[in-house]
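Notes for the one structure printed next.
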Amino acid sequence: MSARGLEGGRGEQRPAGSDVADLILLNSNENPYGPASNAIDAVMHMFGQAARYPDAPEDELRATIAAHHKIPVESVILGCGSTEILAFITQALTSPKRRLMTVAPTFETPSDVARRNGVPIEEIRVDGSLFIDLQAMYEMCRGAGLLFICNPNNPTGTMHGIGDLLHFVGQVNARSPESHILIDEAYFEYVDDPTYGTAIPAAVKNPRLIVSRTFSKVYGLAESARATPSDTPRRSGSCNRGARRAGSARLPGPPRSPRSSFRTTWSVRRRSTRRCAPSR
C-alpha cells in the first residue's frame with residue numbers, strides 16, 4: 001500500500017498528451033476542485049512584482065497561520081511542500097544512533113529520508129483493523145530520535161481521537177524524554193468525528209511535539225506552502241512569493257473541497273478509546 005510519498009514523481013505516469021485538468025489522480029489525493037478564485041487572484045497579482053526580491057517574504061503567511069490557529073507567530077515554520085517539512089524534521093532529529101519509529105503503511109517521506117541517511121528505521125505494523133498501534137509504539141519508543149504519526153493515517157484512513165493521542169504523547173515523553181513526536185495532520189479538515197482534534201495547542205507548549213499541516217489537500221494548493229506549528233522557532237525562505245500569497249489568501253476562508261467528495265475515495269474510521277498503559 002502506498003501513500004502520498006511518490007507524488008513528486010508522478011508526472012511521468014500520466015498518459016501522453018493528456019490534459020491534467022481532466023484527470024482525477026486518486027493515487028495522489030489531489031483536490032479536483034483546485035484552488036479558490038481568491039488564491040488564483042493573489043498569484044496573478046504577484047507576477048507584477050516577480051522582478052523584485054521579496055522583503056521578509058514569509059512573514060505575512062506565518063502571521064496569517066498564527067492568527068488562524070491562535071498561536072504565537074514564532075511557533076510557525078514554513079516549507080515548500082510537505083516533503084521538505086517532513087524531510088528536514090527527519091534529518092534534524094534522527095541519526096545512525098537515533099532511529100526513526102514509524103508506521104507501516106503510512107506516508108513514506110520520513111522513512112525515505114532516514115534510509116538515505118543511514119538511519120535505522122523501526123516500522124510498527126498497523127493492527128488487523130488498519131489502526132496505528134499506539135501501544136506498540138509506546139512500548140518500543142525508548143531511544144528513538146523521532147516517532148512519526150499520520151493522523152488520520154494515509155493510506156489506511158483510520159484515526160485516533162485527540163484525547164488518546166495526547167495521552168500517548170505524554171507517556172512517550174515520560175518513557176523516552178529525548179524522543180520527538182511528529183504528528184502529520186494533512187487530512188485534518190476531512191474528519192468530522194467528535195473525538196478528533198488538533199494537537200497544535202499541545203505542540204506550542206511541548207518542546208518534543210511537532211504538528212504539520214498542509215495547503216495541498218482541502219485548500220487545493222498542492223504547490224503552495226506547508227506550515228508546521230512547533231515550539232522551536234525557525235525561518236524558512238524556500239516558499240516562493242506566489243505560494244505565500246495564495247496561502248495567505250486562502251486560509252481565512254472555507255475549505256475548497258466538500259467532505260462528501262473526499263469520502264467517496266477515502267473513508268475516515270475512528271479507533272474506539274484505547275489508552276496506552278504503562279509497562280510494568
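The values are calculated or read from the model by the stated rules, or taken from the named source; none is laboratory data. None of these values were measured; they are calculated from a predicted model. No Cβ is skipped: glycine too gets one built from the backbone with ideal geometry, and neighbour counts run over all protein chains shown.
Checked against the criterion of being at pLDDT below 95, under 28 Å from GLU58 (Cβ atoms) and not charged (D, E, K, R), the candidates ASN154, ASN117 yield just one match: ASN154.
Among the residues making up region 108-122, those that are closer than 10 Å to LEU86 by Cβ and buried (at least 24 other Cβ atoms within 10 Å of the Cβ) are THR109, PRO110.
The residues listed here are GLY197, GLY170, GLY143; of these, the one that is modelled with pLDDT of 90 or more, of a type outside the set (Asp, Glu) and either surrounded by 21 or more Cβ atoms within 10 Å (Cβ to Cβ) or within 22 Å of THR64 (Cβ to Cβ) (or both) is GLY197. Looking at this structure, is VAL172 touching a helix residue (DSSP H, G or I) at 6+ places or on another chain (Cβ under 7 Å) and among the aliphatic types (A, V, I, L, M)? It is true that VAL172 is touching a helix residue (DSSP H, G or I) at 6+ places or on another chain (Cβ under 7 Å) and among the aliphatic types (A, V, I, L, M).
Annotation note: Cβ proximity below 7 Å between a residue of region 91-120 that is farther than 26 Å from ASN29 by Cβ and without any contact (Cβ under 8 Å) to a residue 60 or more places away in the chain and a residue that is assigned to a helix (DSSP H, G or I) and not acidic (Asp, Glu) (sequence gap 6+ or interchain) occurs for ASN117/GLN91. Total residues in region 200-212 satisfying the condition of being of a type outside the set (Val, Ile, Thr), crowded, with 21+ Cβ neighbours inside 10 Å and modelled with pLDDT of 95 or more: the figure is 2. Only a single item in (1) of a type in the set (Ser, Thr, Tyr); (2) surrounded by fewer than 13 Cβ atoms within 10 Å (Cβ to Cβ); (3) within 21 Å of ASN206 (Cβ to Cβ) is not met by THR102, and it is number (2). Among the conditions (1) modelled with pLDDT under 95; (2) under 23 Å from LYS205 (Cα atoms); (3) crowded, with 20+ Cβ neighbours inside 10 Å, the only one that GLY81 does not satisfy is (2).
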